[in-house]
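Quick notes on the structure that follows.
The values are calculated or read from the model by the stated rules, or taken from the named source; none is laboratory data. None of the values given here were measured: they were computed from a predicted structure. Using ideal geometry, Cβ is built from the backbone for each residue, glycine included, and neighbour counts are taken over all protein chains shown. In case anyone asks, the SASA skips ligands and DNA or RNA and just uses the protein heavy atoms, side chains included. Shrake-Rupley method; radii C 1.70, N 1.55, O 1.52, S 1.80 Å.
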Amino acid sequence: MKKEAGYVLDVAYPAHFHREIQPVWLTALAQFLGSAPPDITAPYSYCELGCGVGINLLVAAATNPQGQFVGVDFNERHLAIARDAARSIGLDNIRFIQADFAHFARDNNLFFDFIVSHGVWSWIAPGQQQSILQLLQRSLKPRGLLYLHYMCHPGATPMIPVQKLLNELAHQRAGSAEQNIQAGLDLLGRLDAGGAFVDQPGLSARLQALPEKGAAYLAHDFLTDYWRPQHSADMHRLAAQAGVSFLGSADPFDNLERLSIPGNLQPILTSISAPAVRETVKDLARNQHQRRDLFQRDPQRLTAEQHLQQLDALRFRLLPGAPGSGAVHFATPIGPINGPEEIFSPLLQALAARPASFGELRQLPVFAGNVGLLSQSLQMLMWRGHVHPLRPGPAANAQWLGRLNEWIIRQQLRLQVVEDCGTAIHHPLDPA
Ligand SMILES: C[S@@+](CC[C@H](N)C(=O)[O-])C[C@H]1O[C@@H](n2cnc3c(N)ncnc32)[C@H](O)[C@@H]1O
């Protein structure tokens, strides 16, 4: 098994698309959160740290002609796949840099409007984390957005000893990362069957679900020498020291506290004003196991009037597979929520007729005088994958889009590019 800086190298990480790191999504979320994002109708720069095989950057570059995209990863197998794809699509606004974060932070002289990193922070050595913080300090432009995904307490906490076992076992064996994961799963299965987790039924269920994730994914998830969930309050403090402020989540559901925190806990949350205590309470109330945090350097907080003006300009469309009317059922992490027909039907019908701006949707009688209800309903529909903001700015390059689609088919990825939204969706016929 080969490692660098304590991280596994000898197996390629499968391609995972994350809508939450795409520029259109990030800027819309910042706007919902009341902050002015980078202008994506003008040229901008975007960097993904730990980009894997590059699927997120390839979609972003092909659908966002105004952006210049940089991917950083130290795994040459990953970058060979990513570079080959960029060449076959013909993209001229993307490049991949093979480096660890320490070397990249030392050598980089570019400035970025976006720095994003998913599935990386909680899995890397402290020195590599320090380098990411230095990079933020030096290279994120004023108003630039940082998306940082990490594992957090308390949801990820029970897995700490499980990861320790898998990684220690792997160190004792001669096999490949995938073989070592298989041996670890066998051992965990025997422990579970023998009753080791009888007092932790939640953990037992999680362990039983692991094999379906595949050995390559599990090797990257667990066979690192540094596997540390963070407390969000600590993460926000570190980010603040690097000069970036916490805005909210890139997951809209997490920002809708009235929906995502059970009603009987609302009064407790309302009584707390200190941000570090509030976020910790929210993590506890949701048993949060990962966070998709959105930060900004020198955020420009909008007045209520500016905020409404910004929201009014956002345009939305229905995504393939969305209902054209009716009530909407949301299966949320804290249980089912039924979106009433009287609110969602008019909204879905308006969007089924044609894309519409927030300002236009605000004219629907059901939202008269209730901007908050429209904002919440649209964000729930975004979260559910029914609605997406449209990308402002010039049209994408049709040749790039055609070749990106061909590449996606060749790779047998179940993704559908939605070019006018600057994103892709999981195939509408696949289960969510
Ligand atoms: C779990 S994968 C996530 C890939 C992608 N961001 C995603 O979410 O699908 C983590 C990636 O980070 C890269 N990586 C880990 N530690 C690194 C380091 N110190 N420097 C550069 N890349 C690193 C790995 O090679 C891998 O491609």
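All of (1) assigned to a helix (DSSP H, G or I); (2) in contact (Cβ under 8 Å) with a residue 24 or more places away in the chain hold for Glu212 with one exception: (2).
Per-residue answers, yes or no, for (1) open to solvent by 60 Å² or more (accessible area, probe 1.4 Å); (2) modelled with pLDDT under 95; (3) in contact with a helix residue (DSSP H, G or I) (Cβ under 8 Å, 6 or more places away or on another chain):
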| position | (1), (2), (3) |
| --- | --- |
| Phe330 | no, no, yes |
| Glu342 | yes, no, yes |
| Arg354 | yes, no, no |
| Ser357 | no, no, yes |
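Test Gly321 against the criterion of being at positive phi, in contact (Cβ under 8 Å) with a residue 60 or more places away in the chain and out of contact with any Cys (no Cβ under 7 Å at 6 or more places or on another chain), and give yes or no. Yes: the conditions hold for Gly321. Look at the range 392-412 and say how many of its residues are touching a strand residue (DSSP E or B) at 6+ places or on another chain (Cβ under 9 Å) and open to solvent by 30 Å² or more (accessible area, probe 1.4 Å). Residues meeting the conditions: 2. Of the helices (runs of 4 or more DSSP H) that lie entirely inside the range 1-101, those containing 2 or more residues that are within 8 Å of the ligand (Cβ to nearest atom) span 55-63. Might you check whether a residue that is within 11 Å of the ligand (Cβ to nearest atom) and free of Cβ contacts under 8 Å to residues at least 60 places away in the same chain occurs anywhere in the range 131-151? Yes, that holds for at least one residue. Within the range 25-63, if we keep just the residues that are buried (at least 24 other Cβ atoms within 10 Å of the Cβ) and among the polar types (S, T, N, Q), the residue that is nearest to Leu145 (Cα to Cα) turns out to be Thr27. The residue that is farthest from Pro211 (Cα to Cα), counting only those in the range 151-173 that are open to solvent by less than 20 Å² (accessible area, probe 1.4 Å) and not in a loop (DSSP other than H, G, I, E, B), is Cys152. In summary, Pro389 fulfils each of the numbered conditions (1) over 21 Å from Phe17 (Cα atoms); (2) modelled with pLDDT of 95 or more; (3) not polar (S, T, N, Q) with the single exception of condition (1). Scanning the range 99-136 for residues that are surrounded by fewer than 18 Cβ atoms within 10 Å (Cβ to Cβ) and touching a Ser or Thr at 6+ places or on another chain (Cβ under 7 Å) returns Leu110, Phe111.
Residues being away from the ligand (no atom under 16 Å from the Cβ), open to solvent by 60 Å² or more (accessible area, probe 1.4 Å) and either under 22 Å from Gly6 (Cβ atoms) or of a type in the set (Ser, Thr, Tyr) (or both) are represented in the range 179-201 by at least one member. Filtered by the rule that a residue be among the aliphatic types (A, V, I, L, M) and either under 14 Å from Leu146 (Cα atoms) or out of contact with any His (no Cβ under 8 Å at 6 or more places or on another chain) (or both), the range 2-23 gives Ala5, Leu9, Ala15, Ile21.
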